[in-house]
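These notes are about the structure you will find just below.
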Amino acid sequence: MDWKIKSFHEIRGGQKTITNIEFSELSKKVNKKDTLNLTGYIVNGYNGFSSAKLILGFYRVVCKNGMTIDTKELQIGYRHVGNVNEKLIEQFKMYIENKVKKATILITAMINHRFKNIKQIESVIDKSDWLGEKYKSQIYNAYKAEKLAQKLTFWRLFNAYTYVITHNMKINQESRLNYYRHLNTESKEWETRF
């Protein structure tokens, strides 16, 4: 498996270490300009005061300036008892197999599923009760502005939502993540509506 260390930080002389790793081999290219990337953090320490943790998630670049959004998908941790490395590796392997399959199925479904007409898209946006009217209008305009309306795929609408959440909302990161959670939950229901 191809991976690289993006960064390494040491706290209190190594009592706690944080290593950021990226798995380029497990990136999922959605289209020419859109890729989901798997990244992880390994937290550990030499003296046992810090449990060994593996935190994994996907991120994607959403802006030309390099801004990314990410989701924490898995966090596992073990106290320093027994063979911690073996436990973390086993959990990681299980996660990767399962998550890559699920992500591939979801993205493929969103690319292949199409709305029948623009009225269905308006209906989806209108039913996003977790969004204010101002943002609903911006999502619809973002969808139309990029000439995305010619391809009425779920994925194109999903991208219009993420564009508005990322670029137009003046909110903190925690609030932004809550909007992404709402979007992820709602987008899984689009297929059942139409």
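Under a 5 Å amide H cut-off, with hydrogens placed 1.01 Å from N, Thr35 pairs with Val30, Val61 among residues at least 5 apart or on other chains. The alpha carbon centroids of the range 168-194 and the range 109-148 are separated by 12 Å.
Under the rule of at least 5 residues apart or a separate chain, name every residue whose amide H is placed under 5 Å from the amide H of Leu131. Amide H to amide H, under 5 Å and 5 or more residues apart or across chains, Leu131 pairs with nothing.
Counting Lys and Arg as +1 and Asp and Glu as -1 over every other residue whose Cβ lies under 11 Å from the Cβ of Asp2, the net charge comes to -1.
Each Lys or Arg adds one and each Asp or Glu takes one away; over the other residues whose Cβ falls under 12 Å from the Cβ of Thr104, this sums to +4. Working note: Karplus 6.51/-1.76/1.60 with θ = phi - 60° gives the range 13-26 the couplings x, x, 4, 9, 10, 10, 10, 9, 10, 10, 10, 5, 5, 9 Hz, where Gly and Pro are set to x. Mean separation of Cα pairs under 8 Å and 6 or more residues apart, divided by the residue count, gives the range 86-194 a relative contact order of 29 percent.
Among the listed pairs Lys53/Lys170; Lys101/Lys127; Lys4/Lys32; Lys99/Lys188, those with a Cα-Cα distance over 21 Å are Lys53/Lys170; Lys101/Lys127; Lys4/Lys32. Could you work out how far apart the two model spin labels at Arg12 and Ala145 are, taking each label as a point 7 Å from the Cα in the direction of the beta carbon, and quote it in nm? My value for the distance between the label points is 4.8 nm.
None of the figures in this text is laboratory data; all of them are computed from the coordinates on show. Predicted model only: the values in this text are computed from it and were never measured. Here Cβ is always computed from backbone atoms with ideal geometry, including for glycine, and neighbour counts include all displayed protein chains.
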